[in-house]
Each structure stands twice: as C-alpha cells, then as structure tokens.
1. Please verify whether the range 61-79 includes one or more residues that are free of Cβ contacts under 8 Å to residues at least 60 places away in the same chain, surrounded by 13 or more Cβ atoms within 10 Å (Cβ to Cβ) and not in a helix (DSSP H, G or I).
2. Please go through (1) modelled with pLDDT of 95 or more; (2) within 13 Å of the chain's Cα centre (by Cα); (3) open to solvent by less than 90 Å² (accessible area, probe 1.4 Å); (4) not polar (S, T, N, Q) for Cys42 and return the number of the only condition it doesn't satisfy.
Amino acid sequence: MNDYMEERAMELANHIIETGATVRETAKVFGISKSTVHKDVCERLRRINPSLFRQVRVVLDKNKAERHLRGGQATHIKYRGIG
C-alpha cells in the first residue's frame, strides 16, 4: 500500500473521531466517495493502526445505530410543508 493511502486513512479516521462525522459527511468534506472512506477506515486502517481503527469503529457503530433517527427526521422536514 502506498504512503498516500495510509496517510489518507489516518486523516479520515482522525476527522471522524474528532467530529463524530458520518461516512457520508466525511466523504463530502474530503471530496472522495463514501466507498473510499469506508474502505480506508474499515479495511486499510485495521492493518495500519488497530487502536485507531477501534476508536473509529465506536463512532461508526454509534452513527449506524442512529441513522434511522436521522432518516425519520429528514422525512419529517421534507413533508412538513405538505398538508
């Protein structure tokens, strides 16, 4: 793996941990795809830095557990004006 990918994986992980951002939000900030973010922080990071991977996993698991709430809120906002 080249150094650029390792550095990017570490940078993405630090952003997620510091901000609590979702994969989608992180992808938007860094201008890359959600798939790339996910692969970097779930696969590459596990090999590069297992302790940082565990910290990111906590945030990602929390975001996954809350995603149904964010989806419901988005639907509520979308249809709020209709009635």
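1. Taking every residue of the range 61-79 in turn, none turns out to be free of Cβ contacts under 8 Å to residues at least 60 places away in the same chain, surrounded by 13 or more Cβ atoms within 10 Å (Cβ to Cβ) and not in a helix (DSSP H, G or I).
2. (1)
The values are calculated or read from the model by the stated rules, or taken from the named source; none is laboratory data. Note that the coordinates shown come from a computational prediction; the quantities given were computed from them, not determined experimentally. When we count neighbours, we look across all protein chains shown, and the Cβ atoms used for this are built from the backbone with ideal geometry, even at glycine. Remember, those area values only see protein heavy atoms, side chains included, never the ligands or the DNA or RNA. Shrake-Rupley method; radii C 1.70, N 1.55, O 1.52, S 1.80 Å.
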